[in-house]
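Beneath this line is the structure, given in structure tokens, with notes to follow.
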Amino acid sequence: MKSICSKAILSLLFVLFFACDTENEPEIETTDTSKELDALNIEPLLTRKETSTLVAQGINPVTENSIERKEVALFGKSIRGLAIGDYFIPKTDLTEMTEAYFSKSNGETERYASTNRIRLPKFGRRNIRVGVITNGSDAIPKKLRRSVRQAVFNYNSLNMHKLRMTYVQISEAEANRGRDEGGKIDIVIFLDPTGNFVGNGFDGRAFFPSNGNPGRAVGLGNTTKNYSKKNNTLLIMHELGHTLGMAHSDFLTRATCDNTEPLNPRLGDLAGIPEVNGVCNIAGTDPSGNQFILVMRSCGFFIWPLEDFTTKDKDAFRVLYSQVKLPCATKNTPLLPEYCITDQNTIDYIFDTFEDREIARLFQTGVLCDNKHQNTISY
């Protein structure tokens, strides 16, 4: 997450993307923006399907402040994936998410929900073991460990009916094995002194859930060693929220990151994502995708004076983790289109109106494609 970052809290959001009518748009071969795209040195990173799947989870790669391919060495393994803001999503997880979301099989929405969120027991609570590395280059300093303990305490203080956390200290070897003498370690928290995982300009980064399990790790940037206990606690609460499947509360606009770009009159909300339709949000939370008063906002969560959740955070976590069946798990929501913007007039408008970085993001995320690049958008 960005130094001032903080994340959100909408569950399973479904957004309909702008797309031209396929009967009226010209053949794909007539669209040629290759020279312009080459001049911008743009690399395709996501397919339209993948972007659609992420947006449905409340992760909006079009408005996040950074997106890049990464291959990271963690816990004795090399993991290839995408760093999108302060999320890290392994390629295998993204593929699985996308296949589940676009599955045409019976019970597709049930499969979609259980694949990408936390699986909960019918009776009792699921215990999430949070392991803090205490030795080696990835060791969490004692000062930071206090913040992790406080963050875990704050989660347990929510009294969620179906989920609790346990703080444990583990060795580097135990992190590599994924377990200690007490059993499986669900989430590993480590310091990233080189920035290999967290990246430049971020304080933390977290894995998103997959296969019904929480995101496997949270990395903290080296500069966090100098932060106050309160700020580090808020940071860790925020990143742990991501591992549990919570997205940024202002995912649609990133307005808490001082984004003031107006809605585009032709393409909709911020570069090609039109109005939100059929939002499936956590009961009792604001469905706008533009909420500020949460620890899970995109940026600026250090402003909160207490090392605790806001009322809106508490409501969302308590509702989401007080039930086995996830909100909207059986709701029939229309799938997003697989194709991207190829209409020449629309593309000309984009190049005439948008800044280079906005064009790059549209192309990177599969919202915009052309005859030369459309088949190269793959990992």
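What follows draws every value from the coordinates through simple rules; no lab data is involved. Everything numeric here is computed off the predicted structure, so don't read it as measured data. All Cβ positions, even for glycine, are placed from backbone atoms using ideal geometry, and neighbour counts span all protein chains on display.
Taking a 31 Å limit on the Cα-Cα distance, which of the listed pairs LYS122/LYS229; LYS225/LYS314; LYS49/LYS229; LYS77/LYS143; LYS70/LYS312 fall beyond it?
As for pairs spanning more than 31 Å Cα to Cα, those are LYS122/LYS229; LYS49/LYS229; LYS70/LYS312.
Taking R0 as 35 Å, what's the FRET efficiency between ARG179 and VAL324 from their Cβ-Cβ distance, rounded to 0.05?
Approximately 0.85, to the nearest 0.05.
For the range 154-249, report the convex hull volume of the alpha-carbon atoms normalised per residue, in Å³, without decimals.
Here the figure is 129 Å³ per residue.
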